[in-house]
Amino acid sequence: MERRAFKRALYAVHEREAALDIVQDSMLKLAEKYGHKPAEELPMLFQRIVQNTIRDFYRRQKVRSLWSTLLSALSPGRDNGESDPLETLEMEDGSNFATSPAERLEKSQLLEIIEKELRRLPQRQREAFLLRYWEEMDVAETAAVMGCSQGSVKTHCSRAAHALAVALRTKGIEL
């Protein structure tokens with residue numbers, strides 16, 4: 001059962017480590033939620049859980065790549081992964097003068113708009129959004145930190161991303 005699930009996940013995501021994570025998460029969900037079910041029902045339930053976990057993986061990747069692409073475009077020259085895109089755009093050694101002053105001004109204004117819109121979000125949405133997409137925590141970790149259910153984390157993140165996208169769009173900013 002697990003071998004077939006792994007092959008399905010590997011085929012779907014094309015990454016061995018991600019496929020292993022998907023199968024492991026699926027097995028944990030099966031054990032936690034359906035451990036009391038008869039053994040003959042478990043294979044069918046497990047396959048459904050694997051499918052849903054793969055869908056969750058792609059949803060998470062889509063949202064994460066959207067925000068990381070946007071934010072990495074705003075902070076050129078910082079490849080070490082330790083930078084905070086909402087901090088200043090000026091590098092410590094001043095070596096980012098390859099961009100024109102107009103581009104730097106535009107990027108800094110965009111960062112100010114994003115920071116302002118993040119501050120306008122309700123506290124729980126802002127917290128969930130920052131933990132998931134800046135801190136790159138998974139849903140379970142975020143739920144544990146926030147002291148709420150995983151479903152609440154997903155709802156808060158979805159609402160935050162939607163609110164930010166709408167706010168930016170109304171200001172003429174397309175992602």
| message | Looking at segment 124-164 only, could you name the residues that are surrounded by 16 or more Cβ atoms within 10 Å (Cβ to Cβ) and of a type in the set (Gly, Ala, Ser)? | response | ALA128, ALA143, SER152, ALA160, ALA161, ALA163
| Residue check, GLN125 against (1) more than 25 Å from ILE22 (Cα to Cα); (2) without any contact (Cβ under 8 Å) to a residue 24 or more places away in the chain, all met but one. Which one? | (2)
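Are any of the residues in segment 51-64 assigned to a loop (DSSP other than H, G, I, E, B), within 25 Å of ARG132 (Cα to Cα) and modelled with pLDDT under 80? Give the derivation first.
So the first thing to find is which residues in segment 51-64 are assigned to a loop (DSSP other than H, G, I, E, B), and the list is none.
No, segment 51-64 contains no residue that is assigned to a loop (DSSP other than H, G, I, E, B), within 25 Å of ARG132 (Cα to Cα) and modelled with pLDDT under 80.
Matching residues to (1) modelled with pLDDT under 65; (2) surrounded by fewer than 14 Cβ atoms within 10 Å (Cβ to Cβ); (3) in a helix (DSSP H, G or I):
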{"site": "VAL23", "(1), (2), (3)": "no, no, yes"}
{"site": "LYS33", "(1), (2), (3)": "no, yes, yes"}
{"site": "PRO85", "(1), (2), (3)": "yes, no, no"}
{"site": "ALA98", "(1), (2), (3)": "yes, yes, no"}
{"site": "ARG119", "(1), (2), (3)": "no, yes, yes"}
| message | Pull out all pairs, ordered by first then second residue, where Cβ-Cβ is under 8 Å, the residues are six or more apart or on different chains, the first lies in segment 137-152 and is on the phi > 0 side of the Ramachandran plot, and the second is surrounded by 14 or more Cβ atoms within 10 Å (Cβ to Cβ) and not in a helix (DSSP H, G or I). | response | none
| task | Identify the single condition in (1) part of a helix (DSSP H, G or I); (2) modelled with pLDDT of 80 or more; (3) farther than 15 Å from LEU164 by Cα that GLU127 does not satisfy, given that it satisfies every other one. | result | (3)
| Across segment 100-117, what is the number of residues that are at pLDDT 85 or above and either under 24 Å from GLN61 (Cβ atoms) or crowded, with 17+ Cβ neighbours inside 10 Å (or both)? | 1
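The values are calculated or read from the model by the stated rules, or taken from the named source; none is laboratory data. The structure presented is a predicted model; accordingly, all values stated were derived computationally and were not measured. We place every Cβ from the backbone using ideal geometry, glycine too, and count neighbours over all the protein chains shown.
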